[in-house]
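In what follows, a structure is listed as structure tokens, so that the remarks can point back to it.
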Amino acid sequence: MNRIDQVATQNLQDCWSILYKNLAKSVLQVRGKDGEVVIRRANHLCGERMGALELKNHREAGKLTNLQTYFTTPVSRCIDPRFRFQWQLFNEQEAVFDVITCPIYDYLLKTGAKDLMISFCEEYHHGCIMAYTGKAGQCTFSENFVYMGENSCRFGCYYRPANIPAAERPASFSADRAEEAQRPDPYIPCPDPKGAFALWGELLLTCYMEEMTARYGEGSVCALSEGLKAAAHETIPYLKQRSISLRKPLDEAFLAEHTFWGTRYENRFALAEGAAKMVEINYCRTLKADLASCQ
Amino acid sequence: MENIYELYTPEQLEMIHNSDHYTMFYAILGQQLIDELGVEGESALREATRRYGKDRGAYRRQRHLDANVKINMKNLFSIGSDLPADPRFHGDQLRLIPEERNTHTLRCPMAELWIDEGYQYVGRLYCEEFHPACYSSYAFGYTKVGLAKTLTQKGDEYCAFNIVLRQEDLPEELKPVCFEHYDPYYTGQTKSIPKAEAKTGFNLLTLRVYYYMVEVVRERFGPEGIEALSHGLEKAAVYAADHLKLAAQAMNKPLDVAFADANYPLYWNPDEDPVWEQYNRHGAKELLKKEFYPVLRRELGL
């Protein structure tokens, strides 16, 4: 659970959860209930972008783009090793599993924000699978431990050769009928966890900016600046605790390893200039200032 | 396996027979399309099942709108179901509110029959395509259908339905159509919507699911596809006759036209069935008269 090479990934995931939580909360604080529209649309759009990216990655690598590939070969995604899945069906056409442990939910629950989980689960994963399958698949979500009386989340993803044109089938499926495949490893090592979470954070922020602008106009993205600042403010005490647990000093080097944007924004994935500036001014500088004040 | 003839009343048994024949009619025809036409046949079956689902969803929506009922999940699953109530069905309703319906189906006679008769794949296909199409269509395409656990899916012990209609997903003009709190002048339901009865209810379902199979098969395959459907109709007629005979024997009733009419979802005389007026295209009725009824009558000796 806590192998040394996994710890940084876990912390990066929590920093991402902090970002999501605070972006969503900043929308609700300014826009009230109506802001839920933006949250859902942005979460879905973020999923669509990630799904489209993975589709491109897998196509470029010459892989069959089916559910088996999606779940065994994340390229732009990094899977936190604390996730625990119990697989029921796994093959090119079906990915059916229960999520027993979800670090995103755990963090939101611990910090009193579990209500933000439902809109993330319902929208983000659906967006991913729809984009990855060219809208021919399904991503259904039956049970959720956010609800009283349920103790796991059940996902069922389906992608059928019969639901796509015959000419497209060879790019996705090895046969019309699927044989059960070896289930994904519980831990899929990620070559660049920091890069993966930085990208995910950038996708998330960009989608929130686009949806805020679409619904409320350009000036409305200021709310997200507050969300970025709040995320940075929450990140430092969280990492302080983590540094104590790991018996390491909380300093620039620690932040460089355990946060995805750190105190100096690199813009590795060519985030639009306005968005990059928002991250630098509101997140990175706040992180730096808070770090200085707690040392 | 339980003996239904010891457990249920004659009226309930009629419901059960109609339900089982509807279930098997779909499965036999669907399997025939897959067996003869391969993945393209499966593709047609999936599309037909979706069209059928959309039709049922739109039909339920219109009935609710006509009765001034709000289009939401609570009403979809509590007012005027078009699925007759099979007494063998058991569910556990966890949450039923305008935005959400969460239930566990603990026993589904359709799933049991499909599995017992070797049609699990087609049954699973039905669950996968029908439910999203139907519930989504009901609420103008905005319903999210969570159905990742079904009795037709290998390893599952119940069906977990998580059907949600989020206010945030709706355009402004539909919010008052769907939720009372967006409609301050709402005066309530104006007329009752009766629940579907055994014969008429399952007749409407059987006829429509068949109609959409014919429609898609004609569109995609022409005569080759119709031939596959014809083979399926013949098999369905033999299955129907065999099971009507068993049912009459078990109920100690004469196997006559009245019995067949009461216990089978399609009308004994299709020309007396008013539903065909609405579904009178693609030669669906003529195909049934040509390929299904002669075999059924011959097998029953009626």
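Where a number appears in this text, it was derived from the coordinates with a stated rule and is not lab data. Computed from a predicted structure; not experimentally measured. As a convention, Cβ positions derive from the backbone with ideal geometry for all residues, glycine included, and neighbour counts pool all protein chains shown.
So, R0 is 22 Å and r is the distance between the beta-carbons of A:Arg247 and A:Gln295; what FRET efficiency does that work out to, to 0.05?
Using R0 = 22 Å, I get an efficiency of 0.85.
Over all distinct Cα pairs, what is the inverse of the mean 1/r for the stretch A:91-217, reported as the Kirkwood hydrodynamic radius in Å? Evaluated on the stretch A:91-217, it is 17.2 Å.
When the Cα atoms of chain B are enclosed in a convex hull and the volume is divided per residue, what value in Å³ results? Show your work: numbers first, answer last.
Values: hull volume 41.9 nm³, N = 302.
Hull volume over Cα atoms, normalised by residue count, gives 139 Å³.
Using a Gaussian network model of chain A in which every pair of alpha carbons under 10 angstrom is joined by a spring, one finds that among A:Arg268, A:Arg31, A:Arg154 the greatest mean-square fluctuation is at A:Arg268. A simple rule links phi to the HN-Hα coupling: the Karplus curve 6.51 cos²θ - 1.76 cosθ + 1.60 with θ = phi - 60°, which for the stretch A:8-18 gives 4, 4, 4, 5, 4, 4, 5, 5, 5, 4, 4 Hz, with x for Gly and Pro.
Along its principal axes, the protein assembly as shown has C-alpha extents of 93, 57, 44 angstrom, given from the largest down. Per-residue Karplus couplings for the stretch A:69-76, computed as 6.51 cos²θ - 1.76 cosθ + 1.60 with θ equal to phi - 60°, are listed in order as 5, 4, 8, 9, 10, x, 10, 8 Hz, Gly and Pro entered as x.
Rounded to the nearest 10 degrees, the angle from helix A:115-132 to the longest Cα principal axis of chain A is 50 degrees. Remark on A:Thr101: its backbone amide H falls under 5 Å from those of A:Arg84, a criterion applied only to residues 5 or more positions apart or on other chains, H modelled at 1.01 Å from N. Largest GNM mean-square fluctuation among B:Val214, B:Val122, B:Val177, using chain B with Cα springs under 10 Å: B:Val177. Taking amide H as placed 1.01 Å from N in the peptide plane, the amide H of A:Trp261 sits under 5 Å from none that are at least 5 places away or on another chain. Could you compute the FRET efficiency for A:Ile4 and B:Tyr185, with r as their C-beta to C-beta distance and R0 at 51 Å, rounded to 0.05? For A:Ile4 and B:Tyr185, the calculated efficiency is 0.20.
With the helix formula -39500 (n - 2.57) applied to DSSP H stretches of n ≥ 4, chain A reaches a computed 222 nm mean residue ellipticity of -18000 deg cm²/dmol.
Once you treat every alpha carbon in the stretch A:1-152 as an equal point and sum by Debye, what is log10 I(q)/I(0) at q = 0.09, 0.16 Å⁻¹? Scattering profile of the stretch A:1-152, log10 relative to I(0): -0.30, -1.00.
Per residue, the average separation of C-alpha pairs within less than 8 Å and at least 6 apart gives chain B a relative contact order of 25 percent.
Compactness ratio for the stretch B:178-302: Cα radius of gyration over 2.2 N^0.38 Å (N = residue count) comes to 1.37. Build a GNM of chain B with springs between Cα atoms under 10 Å apart, and of B:Glu219, B:Glu112, B:Glu42 the one that fluctuates most is B:Glu219.
B:Lys175: which aspartates and glutamates have alpha carbons under 18 Å from its alpha carbon, excluding same-chain residues fewer than 8 sequence positions away? Here the aspartates and glutamates satisfying the reach criterion relative to B:Lys175 are A:Asp34, A:Glu36, B:Asp66, B:Glu99, B:Glu100, B:Asp183. Between amide H atoms placed 1.01 Å from N, distances below 5 Å from B:Lys149 occur with B:Ala160, all of them 5 or more places distant or on a separate chain.
Per DSSP helix of 4 or more residues, -39500 (n - 2.57); summed, then divided by the residues of chain B. What does that give at 222 nm, rounded to the nearest 500? Please list the in-between numbers first.
Details: 11 runs with 172 residues, N = 302.
Helix contribution divided over all residues of chain B: -19000 deg cm²/dmol.
Spin-label model, A:Ile100 to B:Lys289: label points 7 Å out along the Cα-to-beta-carbon direction sit 6.1 nm apart. Normalised by residue count, chain A yields a Cα convex hull volume of 136 Å³ per residue. Quick one: which of A:Lys135/B:Lys191; B:Lys149/B:Lys285; A:Lys110/B:Lys70; A:Lys229/B:Lys149; A:Lys110/B:Lys144; A:Lys21/A:Lys194 span more than 30 angstrom between C-alpha atoms? As for pairs spanning more than 30 Å Cα to Cα, those are A:Lys135/B:Lys191; B:Lys149/B:Lys285; A:Lys110/B:Lys70; A:Lys229/B:Lys149.
Restricting to Cα pairs below 8 Å that are 6+ residues apart, what does the relative contact order work out to for the stretch B:66-182? Please round to a whole percent.
On the way: 178 pairs, mean separation 32.1, N = 117.
Reported as a whole number, the value is 27 percent.
Compactness of the stretch B:66-182 was expressed as the Cα radius of gyration divided by 2.2 N^0.38 Å, which yields 1.13.
Its relative contact order, with pairs defined as Cα atoms under 8 Å and 6+ residues apart, puts chain A at 24 percent. The phi torsions of the stretch A:145-153, fed into the Karplus equation with coefficients 6.51, -1.76 and 1.60 and a -60° offset, translate into couplings of 6, 5, 7, 4, x, 10, 10, 7, 10 Hz, rounded to whole numbers, with Gly and Pro shown as x. Against the empirical curve 2.2 N^0.38 Å, the C-alpha radius of gyration of the stretch A:193-294 lands at a ratio of 1.11.
Once the Kirkwood radius over Cα pairs is known for the stretch B:186-240, the Stokes-Einstein relation at 10 °C and 1.306 mPa s delivers a diffusion coefficient of 115 µm²/s.
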